[in-house]
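Reviewing the structure listed below.
Read the figures in this text as sums done on the coordinates, not as results from a lab. Keep in mind it's a predicted model, so treat the numbers as computed, not measured. In this analysis, Cβ positions are derived from the backbone assuming ideal geometry, glycine residues included, and neighbour counts consider all displayed protein chains.
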Amino acid sequence: MLRKNMISNVKIHSEEWHQTRLAKFTSSEIHFLMGGSALPYIRRKVGEELTGKPAKGEIDTEGTRWGSFYEAEAITKFGKQKGLDFLVVQQLICEPDNGRFGGTPDGIIPIRESPDGTEYEVETVEVKCPITFDNYLLLWECNTPAELKKAKKEYYWQVIDQMDLCGCLVGYFVVYHPDFKAGNMKIIKVEAMSTTIENGKKTYPIYEDLKLLRQKKKEAENEFDKLRSKLMSVAAV
């Protein structure tokens, strides 16, 4: 369940959005924690905390501008295809009191409200709109979460982290290209409780990845606090 107080009013790409994301481990970069780049990523976030400056500038290319422009169109088409009446679009999700983690799903689908009115059961939506034909088709040819993980693991982990942030067990990955006359959209449903059979035994690979991600996030938060404390114990010269 997603607590209502985690749904901020911060709009994507606004100055407030950039400032709020400083020193947070975000869904778009969470894949760094899942491989050999965890420590450099943690160091960048500590640096942001203690300087108030972003570790790296925003990437502004024709491809990123294209993607940002067509995401809204893709979300609209996704909603129509799914018969949805309402989506929460591109709102920053984070703990209201300086939590270490945050993310901005392209869409959040409200399913139902909790009896006490403080939470929503939701599903998440992440959209990618590659400008090049090869990058688009790389993703379009993926039919399962496992294939997405193999093709672009950073996108897979982004979806998994958005699901974790929103306390949900279902997320969608959408790839869209407006110029294709056929096959211009592919939707992959990511279900944490989906099963596979390995050696005659039922397994839950996505749920296991969700648990692994939570473990890695806890470890990253501990490392962040240790490094920050070391720096704070030494006076600036």
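For this structure, a couple of remarks:
- In percent, rounded to a whole number, the relative contact order of region 2-232 is 22, using alpha-carbon pairs under 8 Å and six or more apart.
- Cβ-placed point charges (K, R +1; D, E -1), dipole of region 2-232 about Cα centre in debye, nearest 20: 520 debye
- Across region 213-230, coupling constants 3J(HN,Hα) worked out from phi with the 6.51/-1.76/1.60 Karplus curve, θ = phi - 60°, read 4, 4, 5, 5, 5, 5, 5, 5, 5, 5, 5, 4, 5, 5, 5, 4, 4, 4 Hz, and Gly and Pro carry x.
- Cα-based equivalent ellipsoid of region 2-232: semi-axis lengths in Å, sorted from largest, via gyration tensor: 27, 21, 20
- Per the Cα gyration tensor, region 127-232 maps to an equivalent ellipsoid with semi-axes of 30, 21, 11 Å, ordered largest to smallest.
- All Cα pairs of region 1-67, percent lying beyond 17 Å: 54 percent
- Beta bridges by DSSP in the chain, antiparallel share as percent, to the nearest 5: 75 percent
- Between the alpha-carbon centres of region 120-169 and region 1-57 there is a gap of 19 Å.
- Pairs with C-alpha atoms separated by more than 32 Å, drawn from the list K24/K152; K11/K153; K4/K77; K11/K218; K80/K201, are K80/K201.
- For region 65-79, 3J(HN,Hα) computed residue by residue from phi via the Karplus equation (6.51, -1.76, 1.60; θ = phi - 60°) reads 5, 4, x, 5, 5, 8, 4, 4, 5, 5, 4, 4, 5, 4, x Hz, glycine and proline entered as x.
- Additional length obtainable on full extension of the chain from E113 to S233, 0.36 nm per residue less Cα span: 38.7 nm
- In this structure, the amide hydrogen of F101, modeled 1.01 Å from its nitrogen in the peptide plane, lies closer than 5 angstrom to those of F25, E95, counting only residues at least 5 positions away or on a different chain.
- A cut-off under 12 angstrom between Cβ atoms defines the neighbours of A192, and their net charge, with Lys, Arg +1 and Asp, Glu -1, is -2.
- The local environment of M1, defined by Cβ-Cβ distances under 13 Å, has a net charge of -3 under the rule Lys, Arg +1 and Asp, Glu -1.
- Value of [θ]222 nm, deg cm²/dmol, for the chain, DSSP H segments ≥ 4, -39500 (n - 2.57) each, nearest 500: -13500 deg cm²/dmol
- Amide H to amide H distances under 5 Å link V127 with D106, V174, where only residues 5 or more positions off or on other chains count and H is placed in the peptide plane.
- Take each peptide in 6-19, 208-221, 144-157, count the other Cβ atoms within 10 Å of every residue, and average; sorted highest first, the result is 144-157, 208-221, 6-19.
- Close amide H partners of V10, meaning residues 5 or more places away or on another chain with modelled amide H under 5 Å apart, are L92.
- With R₀ set to 25 Å, the beta-carbon distance separating N143 from T64 gives a calculated FRET efficiency near 0.40.
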